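To keep things clear, I will list the structure first and then write my remarks on it.
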Amino acid sequence: MTQADSPVALSDYVRGEVEDWLARYPVDQKQSAVLGALRALQHEDGYLKTEKMDAVAAYLDMPPIAVYEVASFYSMFVLKPVGRHTLAVCTNLSCMLCGADKIVEHLEHKLGIGLGESTPDGKFFLKREEECLAGCCGAPMMQVNHDYEENLTIEKVDRILEALD
């Protein structure tokens, strides 16, 4: 399938992101842009829709299954609709030793949801475990949408949640 054959067209934003990534790799390595393409899709829609992953596959001359494999492998991607704001608490060793378990417990209690769930109002999605967010020096930490929040306390978490619309 080619991009012209795809029933769903990629937005200008997604095509621009893909082209930016394609410029970084040899012409015969188009599949190298798949992570950037999926990130752009998720940024645009909040999750990865199958028909848009198919469009990425066509754009990058990849079999759709290869795109699905990437999307389902990485924890940063979600394949179903979730809350508007994604909260991912790092639960690796450094963060856990600094109290990440208490942060997760507080979020679950405050939001009334468990890991991997969205709030009923669709405002928050608390990702399952995030093995490492590479911010050990600021432990405990979490990623809120695309931003890192470090040196968390219960009070700081509450302020972060209150600041989100």
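The values are calculated or read from the model by the stated rules, or taken from the named source; none is laboratory data. Computed from a predicted structure; not experimentally measured. Here Cβ is always computed from backbone atoms with ideal geometry, including for glycine, and neighbour counts include all displayed protein chains. Each accessible area value is taken on the protein alone, full model and side chains, heavy atoms only, with ligands, DNA and RNA left out. Shrake-Rupley method; radii C 1.70, N 1.55, O 1.52, S 1.80 Å.
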Original post:
Rg and Dmax of segment 78-163, Cα atoms, in Å?
Top reply: 11.8, 34
**OP:** Please report the Cα spread of segment 20-67 along all three principal axes, rounded to whole Å, starting with the longest.
**Re:** 29, 20, 12
Original post:
Can you pull out the cysteines in the chain that have no other Cys Cβ under 4.7 Å?
Top reply: C98, C132, C136, C137
Original post:
Of the accessible area of segment 53-93, with the probe set at 1.4 angstrom, what percent is carbon plus sulfur?
Top reply: 65 percent
Subject >> Heavy-atom accessible area per residue - the chain, 1.4 Å, Å² >> reply: 55 Å²
**OP:** Mind jotting down the distance between the C-alpha centroids of segment 131-165 and segment 59-105, whole Å?
**Re:** 15 Å
Subject >> Per-pair calculated FRET efficiency, R0 = 30 Å: E129 and Q29 via Cβ, rounded to 0.05 >> reply: 0.40
Original post:
What's the Kirkwood radius of segment 1-134 in Å, using all Cα pairs?
Top reply: 16.2 Å
**OP:** Give a residue-ordered list of calculated ³J(HN,Hα) values for segment 76-82 (Karplus: 6.51 cos²θ - 1.76 cosθ + 1.60, θ = phi - 60°; whole Hz; x for Gly, Pro).
**Re:** 6, 9, 10, 10, 9, x, 9
Subject >> Virtual spin-label span in nm between K80 and D165, 7 Å along Cα→Cβ >> reply: 2.8 nm
Subject >> Kirkwood-Stokes translational diffusion coefficient of segment 20-99, alpha-carbon pairs, 10 °C, 1.306 mPa s, µm²/s >> reply: 114 µm²/s
Original post:
Straight-line reach from K49: which lysines have Cα under 19 Å away, leaving out those fewer than 8 places along the same chain?
Top reply: K80, K127
Subject >> Sites matching chymotrypsin sites (Phe, Trp or Tyr not before Pro) across segment 50-141 that sit in DSSP coil, with at most 11 neighbouring C-beta atoms within 10 Å >> reply: Y74
Original post:
Full extension from V8 to K156: what is 0.36 nm times the residue separation minus their Cα-Cα distance, to one decimal in nm?
Top reply: 49.1 nm
Original post:
When DSSP assigns beta bridges and you keep just the ones with both residues in the chain, what percent turn out antiparallel, to the nearest 5?
Top reply: 65 percent
